[in-house]
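Heads up: the structure comes next, in structure tokens.
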Amino acid sequence: MKQNWWRSAYKQNHLVFKLGISILFVGFGFRLLFSQSSSVIPDVSDNNIDTPVAEKNVKPIPLDVSESPKIELNHIHPKDDEDKCDILDGEWVPYSGGAPYTNNTCRWIESHQNCMGNGRPDTGYINWRWSPKSCELPRFDAKKFLETMRDKSWAFVGDSITRNHLQSFICLLSEVEDAVELFHDKDYKNRKWQFPSYNLTVSVIWSPFLAKADIFEDIDGVSSSEIQLHIDILDKTWTEQFHTWDYVLFSSGKWFIKTAIYFEENTILGCHGCEGKNFTDLGFNFAYRKIIKNLYDFIMNSNKQSTIIFRTSTPDHFENGSWSTGGTCDRRVPAKEGEFELTDLNINLREIELPEFEKAEARASEKGKKLKLLDVMPLSLVRPDGHPGPYRHFYPFAKDKKAKVQYDCLHWCLPGPIDQWNDLLMKLVVDD
């Protein structure tokens, strides 16, 4: 099953562009031959991309030619990998080897992602493996990884999905040697572990915007005021530690759709979703692009020669509603090709992430920096069965089989499909 269909919209735009150019030249030719006084010239602007209709609370601004080059296939992978096997062109196939760990063998799984421990009755979601069409993707080899990363330091910087990914990473490595926790803050959002025999440290940093942000939410995510986001100031929670890390994985995206006031040079610049306020609504993608650019500028100007991995945004699989309107995810097997398309939000995020990565990759090559893209969208998009759903809660239907509970169709069960993000990660940093 070929898994590059999620990019068809971009390819179609590229073909329209070529066709338009051809028609343009043919038109000029006929004008010269027949001295026609009028002709119709199609719009062949690089900006001729339909801005997706936004989901509720998603307000993209029109794309700017100078800011948003078209996304094409070679934006997904580094140019020197063009002749290599495309590990994202594949399918999920049945796998009888079982999970690499369980909720009993790994003590670092958060309760909301502990699907087995919370009573999820089916286990089929762990019995699939991503299989590229033209090559083999080895499973994550924890022993080899630990040996390779001896005396190194890692950090995962981002939001709760970043933390979800980090827990999968820690669980995989803990099958060889159990991690020892060195630090956690009072909310357990910033933590640090060590694998003593290998002197490998792994940190997770809570920074959902990657930039300075004042957030006014309670533990249930209920806001008492708009987020105050400083789009020109990166979050010192991670910038002050950056020089200590050898490998850093950054990811963000989903928090940008929240209502926020945007600041630049400590002055209100505009906002996103701030109805009733006398501010210009700039759209969330304005802020996301600015901060991603600032992130790459910081990396390029740093004296630390770290390996940087940028992980793309990820899909959710809510059906019949959303997180706040009773959406569900009750599927038990991977989706078929075409069942799930990129949402408007994911399209907007990728139209920033992929072009900005390509530009940063060119700069990194000139400066001798190591910059890699971990694109987990293609294989994740067809795994609606891999979310906790109602089993983010402990035995949610124990007392009432028809109980109405909050579904989580955004984060991922541990163990689950997210573990194979680390197969891709190992290939990027160890095997390639």
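The values are calculated or read from the model by the stated rules, or taken from the named source; none is laboratory data. Treat the numbers as computed from the prediction; the structure is a model and nothing was measured. For neighbour counting, all protein chains shown are included, and Cβ atoms are generated from backbone atoms with ideal geometry for every residue, glycine included. Remember, those area values only see protein heavy atoms, side chains included, never the ligands or the DNA or RNA. Shrake-Rupley method; radii C 1.70, N 1.55, O 1.52, S 1.80 Å.
Brief remarks on what is shown
- Using heavy atoms of the protein chains and a probe of 1.4 Å, the accessible area assigned to residue 226 is about 50 Å².
- Exposure of residue 333 as accessible area (Å², to 10), given a probe of 1.4 Å and all protein chains: 80
- Cβ crowding within 10 Å averaged over residues, with 141-147, 170-176, 93-99, 390-396 ranked highest first: 170-176, 390-396, 141-147, 93-99
- If R0 equals 22 Å, the separation of the Cβ atoms of residue 394 and residue 222 corresponds to a calculated FRET efficiency of about 0.50.
- Förster radius 35 Å - calculated FRET efficiency between residue 366 and residue 96 (Cβ-Cβ, nearest 0.05): 0.15
- For a paramagnetic label modelled on residue 105 (point 7 Å from Cα along Cα→Cβ), amide N atoms under 14 Å away belong, within region 384-424, to 415-416.
- Principal axis dimensions, largest first and in whole angstrom, of region 296-406 by Cα: 60, 30, 23
- Cα→Cβ-extended label distance, 7 Å offset, between residue 268 and residue 147, nm: 6.0
- Computed log₁₀ I(q)/I(0) - Debye formula, equal Cα scatterers, no solvent, region 330-381, q 0.16, 0.21, 0.24, 0.28 Å⁻¹: -0.63, -0.84, -0.96, -1.11
- Solvent exposure ordering (accessible area, 1.4 Å, most first) of 187, 375: 187, 375
- For region 101-179, the C-alpha radius of gyration sits at 1.24 times the compact-globule guess of 2.2 N^0.38 Å, with N the residue count.
- Förster radius 51 Å - calculated FRET efficiency between residue 431 and residue 336 (Cβ-Cβ, nearest 0.05): 0.95
- For region 236-327, the tally of Lys pairs with Cα-Cα distances below 26 Å comes to 14, considering only residues 8 or more apart or on different chains.
- For region 207-290, the alpha carbon convex hull comes to 107 Å³ per residue, rounded to a whole number.
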